[in-house]
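What follows is a set of notes on a single structure, which appears directly below.
The values are calculated or read from the model by the stated rules, or taken from the named source; none is laboratory data. Small disclaimer: the values here were computed from a predicted structure and weren't measured. All Cβ positions, glycine included, derive from the backbone under ideal geometry; neighbour counts span all protein chains shown. In case anyone asks, the SASA skips ligands and DNA or RNA and just uses the protein heavy atoms, side chains included. Shrake-Rupley method; radii C 1.70, N 1.55, O 1.52, S 1.80 Å.
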Amino acid sequence: MHTDFTNHSAESTVKRSWKIWWELIRPHTLTAAFVPVLLGTIIALIEGNVNWLLFTAMMVASILIQAATNLFNEYYDFKRGLDTEDSIGIGGGIVRHGMTPKLIMTLALTMYAVSIGIGFYICAVSSWWLAAVGLICMLVGYLYTGGPLPISSTPFGELFSGLFMGCFIILIAFFIQTGYVSTLAILVSVPSGILVGLINMSNNLRDHDGDKANGRKTLPIVLGRKKAIIFMAIMFAVSYLWLIGLVLAGTVSAWILLAFLSLPKAIKATTGFIGKTEPITMMPSMKATAQTNTFFGFLMAVGLLISYLF
């Protein structure tokens, strides 16, 4: 693979290390792939047995698809002139580190190819019906920033990311272990899907002004900055109240309420956007949003596991 570097100084050579590649896949977004697979598998454990090799395969494939989606985003945002050297929160492989767009696309397609190979194994062990579902998820990942009308430029980015990278991943992770989809898996997937969507919304809040100038119609642009923050707060509240509803309905044990330990992060994520207009000042809130998703989902999984064991 060819990488075109524009600065060959000793300092820049040191910078162009593994950290560049790590930043390129936007690791803070990978929890959106990791947590749903973990949750789906724990629910499967509660309702039956778990094949840990299948779990590992699903985890790797999901992370690769998320990383590839991030690379597609890098490629197409550069092609459309949305990313510059001063853009905040991007991998910056092209605009900062001199990587060619062709290299970024090749990496993304390679990750997709590997995930397809893993998908063949998962389908062979579980069900070939998953092939169609997996291909749809991958297509949505590509169309999020690719194609004539990218999903990321519409008010439906949060919905698609939450549905496909939150809810569907949980259900697929559950299905490959059990061969069916249970009511419990569906109900637990709802707050996870909401929080994955909010990661996307935090990104769109940060990019509000730049996206508006480039003619995009993201949800924060349609709602307006203030109403978008209120909407985010409401959706955070729905996620936590949903768990209370599940406990009161007797669907799950009260141990799932361990997820409430993530509430301070959700509050920080929401309040941190208030009054902010500069992208750099919103980065802590974006980080807190991703951390809320991670802690919330992981603590749900821990709570479900404790209820299973005891």
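Restricting attention to the range 182-194, the residues that are open to solvent by less than 20 Å² (accessible area, probe 1.4 Å) and either within 21 Å of the chain's Cα centre (by Cα) or among the charged types (D, E, K, R) (or both) add up to 6. Look at (1) out of contact with any Pro (no Cβ under 9 Å at 6 or more places or on another chain); (2) modelled with pLDDT under 85 and you find that Phe78 fails only one, number (1). Any residue in the range 244-253 that is assigned to a helix (DSSP H, G or I) and either closer than 22 Å to Ala288 by Cα or modelled with pLDDT under 95 (or both)? The answer is no; no qualifying residue exists.
Taking the conditions (1) among the hydroxyl-bearing types (Ser, Thr, Tyr); (2) under 14 Å from Tyr75 (Cα atoms); (3) open to solvent by less than 40 Å² (accessible area, probe 1.4 Å) in turn, Ser153 satisfies each one other than (2).
Restricting Gly210, Gly179, Gly162 to residues that are surrounded by fewer than 23 Cβ atoms within 10 Å (Cβ to Cβ), out of contact with any strand residue (DSSP E or B) (no Cβ under 6 Å at 6 or more places or on another chain) and under 30 Å from Ala124 (Cα atoms) narrows the list to Gly179.
This table checks each residue for (1) over 20 Å from Thr41 (Cα atoms); (2) open to solvent by 40 Å² or more (accessible area, probe 1.4 Å); (3) of a type in the set (Gly, Ala, Ser).
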position: Ala237; (1), (2), (3): yes, yes, yes
position: Trp255; (1), (2), (3): no, yes, no
position: Met286; (1), (2), (3): yes, no, no
position: Gly297; (1), (2), (3): no, no, yes
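Candidates in the range 165-176 are the residues that are under 16 Å from the mean Cα position of the chain (by Cα) and open to solvent by 20 Å² or more (accessible area, probe 1.4 Å); of these, the one that is nearest to Leu198 (Cα to Cα) is Met165.
Looking only at residues of the range 118-141 that are part of a helix (DSSP H, G or I), of a type in the set (Gly, Ala, Ser) and touching a helix residue (DSSP H, G or I) at 6+ places or on another chain (Cβ under 9 Å), we find that the one that is nearest to Gln66 (Cα to Cα) is Gly141.
Looking only at residues of the range 99-113 that are over 20 Å from the mean Cα position of the chain (by Cα) and surrounded by fewer than 16 Cβ atoms within 10 Å (Cβ to Cβ), we find that the one that is modelled with the lowest pLDDT is Thr100.
Could you tell me whether Leu305 is surrounded by fewer than 21 Cβ atoms within 10 Å (Cβ to Cβ) and touching a residue at least 12 places away in the same chain (Cβ under 8 Å)? Yes, satisfied.
Residues in the range 259-270: is at least one over 30 Å from Leu305 (Cα atoms) and in contact with a helix residue (DSSP H, G or I) (Cβ under 9 Å, 6 or more places away or on another chain)? Taking every residue of the range 259-270 in turn, none turns out to be over 30 Å from Leu305 (Cα atoms) and in contact with a helix residue (DSSP H, G or I) (Cβ under 9 Å, 6 or more places away or on another chain).
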